[in-house]
1. List every residue pair whose Cβ atoms sit under 7 Å apart, with the two residues 6 or more apart in sequence or on different chains, where the first one lies in segment 132-144 and is over 11 Å from Ala91 (Cα atoms) and assigned to a loop (DSSP other than H, G, I, E, B) and the second, anywhere, is among the small types (Gly, Ala, Ser) and at pLDDT 95 or above.
2. One residue is enough: does segment 131-146 have a residue meeting the conditions buried (at least 18 other Cβ atoms within 10 Å of the Cβ) and closer than 21 Å to Arg43 by Cβ?
3. Restricting attention to segment 34-48, which residues are out of contact with any helix residue (DSSP H, G or I) (no Cβ under 6 Å at 6 or more places or on another chain) and surrounded by 19 or more Cβ atoms within 10 Å (Cβ to Cβ)?
4. Residues to consider are Gly173, Gly113; find the one that is surrounded by 13 or more Cβ atoms within 10 Å (Cβ to Cβ) and within 16 Å of Lys95 (Cα to Cα).
5. Residues of segment 113-140 being closer than 17 Å to Leu29 by Cβ and touching a Phe, Trp or Tyr at 6+ places or on another chain (Cβ under 7 Å), which ones?
6. Let me confirm something: among Leu163, Leu125, Leu129, Leu112, which residue is free of Cβ contacts under 8 Å to residues at least 60 places away in the same chain and in contact with an Asp or Glu (Cβ under 7 Å, 6 or more places away or on another chain)?
7. Which helices (runs of 4 or more DSSP H) sit wholly inside segment 17-120 and have at least 3 residues that are within 14 Å of the chain's Cα centre (by Cα)?
Amino acid sequence: MTGLFGGAFDPPHNGHVALVEGAVARFRLGRVVVLVSERPAHRPVVAPAEARLKLAEAAFPDCDVELDPHPRTIDLLRARDFGNALLLVGADQFKDFLAWKEPEAVLEHVRLGVATRPGFPHETLEPVLAALPDPARVAFFEIEPVPVSGTMIRARCARGESLAGLVPPAVEGLIGELGLYRGE
């Protein structure tokens, strides 16, 4: 089975890495494709797409990392056939899944692997699951919480602070080398 993990990755951080590692262990994924959104529809990005692609390649050295030109997930899934695939998302993304473009169509193409964490209120996800035509297309898996966000990392970069423990060392090195997030 192939895992698909998409995002802006502005920048990729240890929370992203933990999600992929947890999914590989839980679902015995043979392959993971990390899809760096060229123009994310859900949020503005700071770093250019090519820089975010390089950062993702550094963060996920054992995965296939690609630039995704489609702003919406369903558009990518209609353009590409990933076979028996599991789309990996965090519980926070799943909470808003019904607001995605054509969520039912997404589930016709892939199953969802939703990462939760200890202490996350599962009852906030139940209404989303109940609204889906085939809730069996969603599988939950638990990961340890990693308290980090792209916003936090960009702010630390702007202040010249260390990113140790927040991003993989290769990502920290590339951020410095490329001079990213200094002016935020």
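1. Pairs found: Glu144/Ala18.
2. no
3. If the condition is that a residue be out of contact with any helix residue (DSSP H, G or I) (no Cβ under 6 Å at 6 or more places or on another chain) and surrounded by 19 or more Cβ atoms within 10 Å (Cβ to Cβ), then Leu35, Ser37, Pro40, Ala47 are the ones that fit.
4. Gly113
5. Those that are closer than 17 Å to Leu29 by Cβ and touching a Phe, Trp or Tyr at 6+ places or on another chain (Cβ under 7 Å): Gly113, Val114, Ala115.
6. The unique qualifying residue is Leu163.
7. It comes to 49-59, 91-95.
Residues checked against (1) surrounded by fewer than 19 Cβ atoms within 10 Å (Cβ to Cβ); (2) free of Cβ contacts under 8 Å to residues at least 24 places away in the same chain; (3) on the phi < 0 side of the Ramachandran plot:
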| site | (1), (2), (3) |
| --- | --- |
| Leu4 | no, no, yes |
| His16 | no, no, yes |
| Arg31 | yes, no, yes |
| Asp62 | yes, no, yes |
| Val65 | no, no, yes |
| Pro71 | yes, no, yes |
| Phe82 | yes, no, yes |
| Leu88 | no, no, yes |
| Gln93 | yes, yes, yes |
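The values are calculated or read from the model by the stated rules, or taken from the named source; none is laboratory data. Small disclaimer: the values here were computed from a predicted structure and weren't measured. Glycine also receives a Cβ, built like all others from the backbone with ideal geometry; neighbour counts cover every protein chain displayed.
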